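Participant: Sharing a structure with you now.
The values are calculated or read from the model by the stated rules, or taken from the named source; none is laboratory data. All of these numbers come straight from a predicted model, not from anything done at the bench. Neighbour counts are summed over all protein chains in view; Cβ atoms, including those assigned to glycine, are modelled from backbone coordinates with ideal geometry.
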């Protein structure tokens with residue numbers, strides 16, 4: 001298993017040590033909790049918007065896969081919209097807990113960069129091989145990191161219902177809720 005495959009397969013679990021450190025070292029304040037919660041909710045909203053267009057294919061953990069190339073919705077602005085959502089969600093959790101700042105945030109930034117650079121390169125290699133020129137045109141017109149203001153998408157893909165997206169995103173929402181409650185409890189009992 002390559003490093004890229006490892007990060008892709010275990011991407012749901014790699015944040016756990018950082019979350020544990022954040023909980024142990026938490027120094028939550030009213031301002032940090034409110035700001036972090038807002039940032040995390042924005043991140044989760046971006047994730048939900050992305051999942052409405054990409055569907056449950058975003059939840060695979062075995063190998064990279066895609067039945068179709070999604071270029072509409074958030075994917076018309078950015079090739080990897082789930083990852084800024086993940087970044088904001090994780091950053092928000094750290095800000096809520098306010099542990100060992102700014103050092104834990106620096107560690108998070110480095111780890112996030114390493115992990116998602118590996119994952120994105122693996123996914124883009126797969127998409128180039130599977131969709132060829134279609135992906136090449138998409139890659140030329142839609143940035144990977146900083147979103148374009150106007151959508152490049154062709155409007156061909158109809159988003160799934162919010163209910164289905166919430167079902168697909170259930171594990172992330174449950175984890176986010178549990179961590180938020182733990183941060184709140186840690187803050188209130190210290």
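Participant: Would you confirm, using the coordinates I've provided, whether residue 41 is assigned to a helix (DSSP H, G or I), modelled with pLDDT of 95 or more and within 20 Å of residue 175 (Cβ to Cβ)?
Facilitator: It is true that residue 41 is assigned to a helix (DSSP H, G or I), modelled with pLDDT of 95 or more and within 20 Å of residue 175 (Cβ to Cβ).
Participant: If you scan the range 159-174, which residues turn out to be at pLDDT 95 or above and either part of a loop (DSSP other than H, G, I, E, B) or surrounded by 13 or more Cβ atoms within 10 Å (Cβ to Cβ) (or both)?
Facilitator: If the condition is that a residue be at pLDDT 95 or above and either part of a loop (DSSP other than H, G, I, E, B) or surrounded by 13 or more Cβ atoms within 10 Å (Cβ to Cβ) (or both), then 173 is the only one that fits.
Participant: Given the conditions (1) modelled with pLDDT under 95; (2) in contact with a helix residue (DSSP H, G or I) (Cβ under 8 Å, 6 or more places away or on another chain), and given that residue 182 satisfies all but one, which numbered condition is not satisfied?
Facilitator: The number of the failed condition is (1).
Participant: Go through the range 101-113 and report how many residues are touching a residue at least 12 places away in the same chain (Cβ under 8 Å) and assigned to a helix (DSSP H, G or I).
Facilitator: Of the residues in that region, 6 qualify.
Participant: Filter the range 1-32 down to the residues that are assigned to a loop (DSSP other than H, G, I, E, B), within 16 Å of residue 99 (Cβ to Cβ) and either free of Cβ contacts under 8 Å to residues at least 24 places away in the same chain or touching a strand residue (DSSP E or B) at 6+ places or on another chain (Cβ under 6 Å) (or both) and list them by number.
Facilitator: Once the filter is applied, which keeps residues that are assigned to a loop (DSSP other than H, G, I, E, B), within 16 Å of residue 99 (Cβ to Cβ) and either free of Cβ contacts under 8 Å to residues at least 24 places away in the same chain or touching a strand residue (DSSP E or B) at 6+ places or on another chain (Cβ under 6 Å) (or both), the range 1-32 yields nothing.
Participant: Just one of (1) in a helix (DSSP H, G or I); (2) touching a residue at least 24 places away in the same chain (Cβ under 8 Å); (3) under 22 Å from residue 4 (Cα atoms); (4) under 14 Å from the mean Cα position of the chain (by Cα) trips up residue 92, so point out which.
Facilitator: (3)
Participant: Do you know which residues across the range 118-140 are touching a helix residue (DSSP H, G or I) at 6+ places or on another chain (Cβ under 8 Å), under 11 Å from residue 64 (Cβ atoms) and either free of Cβ contacts under 8 Å to residues at least 24 places away in the same chain or surrounded by 15 or more Cβ atoms within 10 Å (Cβ to Cβ) (or both)?
Facilitator: Scanning the range 118-140 gives 119, 120, 122, 123, 124, 127.
Participant: All but one of (1) at pLDDT below 90; (2) under 14 Å from residue 14 (Cβ atoms); (3) not in a loop (DSSP other than H, G, I, E, B) hold for residue 56, so report the exception by its number.
Facilitator: (2)
Participant: Residue under question is residue 156, and the condition is that it be within 23 Å of residue 49 (Cβ to Cβ), within 18 Å of the chain's Cα centre (by Cα) and modelled with pLDDT under 95; does it hold?
Facilitator: Criteria not met by residue 156.
Participant: Within the bounds of the range 50-62, is there any residue that is buried (at least 20 other Cβ atoms within 10 Å of the Cβ) and more than 27 Å from residue 138 (Cα to Cα)? Full working, then the answer.
Facilitator: Here is the first cut: in the range 50-62, the residues buried (at least 20 other Cβ atoms within 10 Å of the Cβ) are 50-54.
Adding the requirement that they be more than 27 Å from residue 138 (Cα to Cα) leaves none.
The answer is no; no qualifying residue exists.
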